[in-house]
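Asks: My questions will all concern the structure given below.
The values are calculated or read from the model by the stated rules, or taken from the named source; none is laboratory data. As the structure is a computational prediction, the values presented were derived from the model and not from experiment. Positions of Cβ are backbone-derived with ideal geometry, glycine not excepted, and every protein chain shown enters the neighbour counts. Protein only, heavy atoms only, side chains kept; ligands, DNA and RNA dropped before computing areas. Shrake-Rupley method; radii C 1.70, N 1.55, O 1.52, S 1.80 Å.
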Amino acid sequence: MPAARALAKEIADNTAPVAVALARQMMWRMLGADHPMEAHKVDSRGIFTMGASPDVAEGIAAFKEKRTPRFPMRASTDMPAFYPWWKERPFK
């Protein structure tokens, strides 16, 4: 249990909250997708959107500078514009 908690803390300390929230929603909500292409569309949109985000810029800078990242985005206020995608139908 101590090793599992240490790993969980390391992940929580070094991951962007918006990326984690988006990935969790994609995994849970796409389990029942009619076709794998539906999950692919949502995933592609997430990659495209988040790729231009301040969190990505911070992650790259922190990696280059060998420091812990300080992700500026928050899941409570900074989810991508297409979120929540499941309320849009059809998703294109």
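Asks: What number of residues in the stretch 24-75 are open to solvent by 60 Å² or more (accessible area, probe 1.4 Å), of a type in the set (Asp, Glu) and either in contact with a strand residue (DSSP E or B) (Cβ under 7 Å, 6 or more places away or on another chain) or part of a helix (DSSP H, G or I) (or both)?
Replies: The qualifying residues number 1.
Asks: Counting only residues that are in contact (Cβ under 8 Å) with a residue 12 or more places away in the chain and more than 12 Å from the chain's Cα centre (by Cα), which one in the stretch 76-92 is most open to solvent (accessible area, probe 1.4 Å)? Spell out how you get there, then give the answer.
Replies: Here is the first cut: in the stretch 76-92, the residues in contact (Cβ under 8 Å) with a residue 12 or more places away in the chain are 78-86, 91-92.
Imposing the further condition that a residue be more than 12 Å from the chain's Cα centre (by Cα) reduces the set to 81-82, 84-86, 91-92.
On the way: Ala81: 105, Phe82: 10, Pro84: 41, Trp85: 5, Trp86: 64, Phe91: 9, Lys92: 182 Å².
Within the stretch 76-92, the match that is most open to solvent (accessible area, probe 1.4 Å) is Lys92.
Asks: Further question: Of (1) free of Cβ contacts under 8 Å to residues at least 24 places away in the same chain; (2) open to solvent by 100 Å² or more (accessible area, probe 1.4 Å); (3) not β-branched (Val, Ile, Thr), Ala12 satisfies all except one. Which?
Replies: (2)
Asks: Provide a single number: the residues in the stretch 1-19 that are of a type in the set (A, V, I, L, M) and closer than 12 Å to Phe71 by Cα.
Replies: First, the residues of the stretch 1-19 that are of a type in the set (A, V, I, L, M): 1, 3-4, 6-8, 11-12, 16, 18-19.
Now narrow it down to the ones that are closer than 12 Å to Phe71 by Cα: 12, 16, 18-19.
Counting residues in the stretch 1-19 that are of a type in the set (A, V, I, L, M) and closer than 12 Å to Phe71 by Cα gives 4.
Asks: A further question follows. Identify all residues within the stretch 1-21 that are under 18 Å from Ala52 (Cβ atoms) and not in a helix (DSSP H, G or I); write none if there are none.
Replies: The answer is Ala16, and nothing else.
Asks: Test Ala61 against the stated conditions and say whether it is over 15 Å from Val20 (Cβ atoms) and of a type in the set (Gly, Ala, Ser).
Replies: Details: over 15 Å from Val20 (Cβ atoms): yes; of a type in the set (Gly, Ala, Ser): yes.
Yes, satisfied.
Asks: Within the set of pairs 6 or more residues apart or between chains, which connect a residue that is of a type in the set (Ser, Thr, Tyr) inside the stretch 34-50 to a residue that is open to solvent by less than 90 Å² (accessible area, probe 1.4 Å) and modelled with pLDDT of 90 or more with Cβ atoms less than 7 Å apart?
Replies: Close Cβ pairs satisfying both conditions: Thr49/Pro80.
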